[in-house]
Amino acid sequence: MIALWIILGIIVVVGLFVWATYNGLITLRIRVDEAWSDITVQLKRRLDLIPNLIETVRGYAKHEKGVFEAVTEARANALNAKGVKATAAAENQFEGALKSLFAVAEAYPDLKASQNFVELQQELVDTEDKIQAARRFYNGGVRDLNTKIQTFPNNAVASIFNFKTREFFELDDAEQKQAEKPVDVKF
C-alpha cells in the first residue's frame, strides 16, 4: 500500500512538473511572438515614412533617380520579407539605401533646412530608437525561450511537445560595427 502511495506521489510530482514547464514554455513563446509583432509594427512605421521622405528629397534633388530607385526597391524588399533572417537581410539592405538617401540630402542645404525634411528625420530617428528597443525585447525573449528549451530537464518536455528554438534578430557585421560607433546627427 505504501508503494502505491509513493508511485502515485511520483506521478503527481512529474505531472505537476510537466504542466508547469509546458505552461512556462507557452508563456515564453507568446512573449517572443508578441516581441516579433512589435518589431514588425515599428519596421512598417519606418517603411511608411519613406515615401514622404523620398518625395521631400526628390523636390530638391530631381536628378538623383538612382538613389530613389534603390530606396524604393529596398523598401519593397523589406515589406515582402518573411521570417527573421529574411527580414534582417532586407532591413540591412534598406538601411544602406536609406544612408545613400541621407547622403544625397547632405548636398542640398535648402533641403536640410526644410521643416518637412527635419520632421521626417526626427520621426525616423524616433522610429529607429523604437526598432532598437523592440529588437532588444525580442532577442531577450528568444534568449529566455531558447534557454528553457535547451536546459535539462525542460528539454525533455520541450521535445515531447515539439517546441523549437527561435532565431535572434541580429545585425550583420557592418551594421554591428556601425551600431557600436557614436551616432553622428547632422541637421
Nitroxide proxy distance, nm - points 7 Å out along Cα→Cβ at Val14 and Glu167: 3.7
Estimated distance in nm for a label pair at Glu55 and Gln115, the labels positioned 7 Å out from Cα along Cα-to-Cβ: 1.7
Stretch gain in nm, segment Ala133-Ser159, where the contour uses 0.36 nm per residue and the Cα spacing is subtracted: 6.3 nm
Region 2-180: relative contact order in percent, alpha carbon pairs under 8 Å with at least 6 residues between: 33
Label point distance in nm, Phe102-Ala3, each placed 7 Å from Cα along Cα→Cβ: 7.4
Tail weight of P(r) past 31 Å, computed on alpha-carbon pairs of the chain, percent: 37
Gain upon complete extension [Ala76, Lys62; 0.36 nm per residue less C-alpha separation]: 2.9 nm
Potential extension, Arg45-Arg143 segment - 0.36 nm per residue separation minus Cα distance: 32.7 nm
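FYI, it's all coordinate maths here, none of it is from the lab. Everything numeric in this text was worked out from a predicted model, so none of it was measured. FYI the Cβ positions are ideal-geometry reconstructions off the backbone, even for glycines, and counts take in every protein chain you see.
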